[in-house]
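Just below is one structure, and these are the notes that go with it.
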Amino acid sequence: MRKSAFLFLLLIVAAVAAALQWNSSAAAMFDQPAITSAAIVPTIDRLDPALDALLPPSPTLVELANGYKWTEGPVWLPTGHLLFAEIPSNSIREWTPGDGVSIFMQPSGYKGSTPYCGPEPGSNGMTLDSKGRLTVAGHAQRDVWRLESLDPHGQVTVLADTYQGKRLNSPNDLVYRSDGSLYFTDPPYGLCTQNEQDLAKELPFAGVYRIPGALNQKPGSPPDRASLQLLVKDLPRPNGIALSPDEKYLYVNNSEPEMFWMRYTVNPDGSLKDPKRFFDAGPHGHNGAPDGMKVDQQGNIYSAGPGGVFIFSPEGKHLGTIKFSDPVGNLTFGGPDGKTLYITASDKVYSLQVKVAGIYPHAH
């Protein structure tokens, strides 16, 4: 080999090494082990022909991020970014198309001076109100709070933290109604032991609540604790929550010990009636459980469930399941046309194109 050719080869090797080092540094900068775009065709249990109107024949599941412990609470921002919670690291992350993941807020839940006593110190479900403000289920912080701007260092307003003088368990998921009220679930998963015998648990039940007038609470003002409404207290572990497009129905699922989905009729004043168990998945113990839940513009329900993402008709008929090997925590609709389903599943975040747009949480 000629000397000049050898030197040229050395230059190429050095350039490749530098590029690899830059990519490694960039991944570290975004605090993401890998920025990926791996695509697979997932297995889908097609149980009803109606599913063909919702999913393409061979939808592509794209892995956007990986390397975490437990991802949750995704919400699409009008700015074209995705926020999601990474509960074990007590953080909210921000995914930017083409760039990857950075830390949006840390800590996002527990803010004590000593290490947290349980496995889930962070925040959980998130949504936007009609003014575009981020609203968060505080989980280990045991409250529901709102960020007055999309500045992670901006003003925070606590919307709920106690019921009849007793601390909430650990708010898990939430949804706004067009009247400005906010519904949320309150199981004990953010407590140290995550069970009913936890010494810090003050309420003898896991409730579903409504905050009247949450939208109009003044920034920085304390919550109107006396107005917090307990709507449901007979579900052992209420988790995901969503409203139908016409807001006639509120859907709430239960994670354990039995896995099932409930539908309630919403009264004009926001209270609930006519509870109906519309789907039962049996005893807990499968790959995942009923968890985060969203609704598309036609009223179809997409929910984390045992083995993947369950899809139900507005009447509660199980149309099919997008299968996942890891437990799914939550999902949301987003993208420019609302037809991208973003899914948090264990240590990863995925996207999948669908045919019917979802309901943006900030649009009523």
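Brief remarks on what is shown
- Residue that is surrounded by the most Cβ atoms within 10 Å (Cβ to Cβ), among those in the range 102-115 that are touching a residue at least 40 places away in the same chain (Cβ under 8 Å) and over 15 Å from the mean Cα position of the chain (by Cα): Met105
- In the range 153-176, the residues that are under 14 Å from Pro361 (Cβ atoms) and either out of contact with any Leu (no Cβ under 6 Å at 6 or more places or on another chain) or surrounded by 24 or more Cβ atoms within 10 Å (Cβ to Cβ) (or both): Asp173, Leu174, Val175
- Taking the numbered list (1) surrounded by fewer than 19 Cβ atoms within 10 Å (Cβ to Cβ); (2) at positive phi; (3) out of contact with any Ser or Thr (no Cβ under 8 Å at 6 or more places or on another chain); (4) not hydrophobic (A, V, I, L, M, F, W, C) in turn, Asp269 passes all entries but (2).
- Of everything listed in (1) farther than 21 Å from Ser244 by Cβ; (2) outside any loop (DSSP other than H, G, I, E, B), the single unmet condition for Arg277 is (1).
- When Leu150, Leu134 are checked against the criterion of being among the aliphatic types (A, V, I, L, M) and buried (at least 22 other Cβ atoms within 10 Å of the Cβ), a single residue qualifies: Leu134.
- Checked against the criterion of being in contact with a Ser or Thr (Cβ under 6 Å, 6 or more places away or on another chain), touching a residue at least 40 places away in the same chain (Cβ under 8 Å) and under 21 Å from Gly338 (Cβ atoms), the candidates Pro78, Pro74, Pro56, Pro42 yield just one match: Pro74.
- The range 325-364: number of residues that are under 21 Å from Pro49 (Cα atoms) and in a loop (DSSP other than H, G, I, E, B): 5
- Candidate set from the range 137-147 (those that are within 27 Å of Thr193 (Cβ to Cβ) and either out of contact with any Lys or Arg (no Cβ under 9 Å at 6 or more places or on another chain) or of a type outside the set (D, E, K, R) (or both)); member that is surrounded by the most Cβ atoms within 10 Å (Cβ to Cβ): His139
- Qualifying residues in the range 41-75 (those that are in a loop (DSSP other than H, G, I, E, B), among the aliphatic types (A, V, I, L, M) and more than 22 Å from the chain's Cα centre (by Cα)) - the one nearest to Tyr350 (Cα to Cα): Val41
- Only one entry in Lys218, Lys233 is over 28 Å from His153 (Cα atoms), in contact with a strand residue (DSSP E or B) (Cβ under 9 Å, 6 or more places away or on another chain) and not aliphatic (A, V, I, L, M), namely Lys233.
- Every test in (1) crowded, with 21+ Cβ neighbours inside 10 Å; (2) free of Cβ contacts under 8 Å to residues at least 60 places away in the same chain is passed by Leu319 save one, and that test is (2).
- A single entry from Leu77, Leu51, Leu47, Leu82 fulfils the requirement of being buried (at least 21 other Cβ atoms within 10 Å of the Cβ) and on the phi < 0 side of the Ramachandran plot: Leu82.
- From the options Asp337, Asp326, residue that is without any contact (Cβ under 8 Å) to a residue 60 or more places away in the chain, in contact with an Asp or Glu (Cβ under 8 Å, 6 or more places away or on another chain) and over 16 Å from Asn253 (Cβ atoms): Asp326
- You will find that of Asn66, Asn90, the residue that is among the polar types (S, T, N, Q) and either touching a helix residue (DSSP H, G or I) at 6+ places or on another chain (Cβ under 8 Å) or surrounded by 21 or more Cβ atoms within 10 Å (Cβ to Cβ) (or both) is Asn90 and no other.
- The set of residues from the range 323-350 being small (Gly, Ala, Ser), buried (at least 21 other Cβ atoms within 10 Å of the Cβ) and within 15 Å of His81 (Cβ to Cβ) comprises just one member, Gly334.
Where a number appears in this text, it was derived from the coordinates with a stated rule and is not lab data. The structure presented is a predicted model; accordingly, all values stated were derived computationally and were not measured. As a convention, Cβ positions derive from the backbone with ideal geometry for all residues, glycine included, and neighbour counts pool all protein chains shown.
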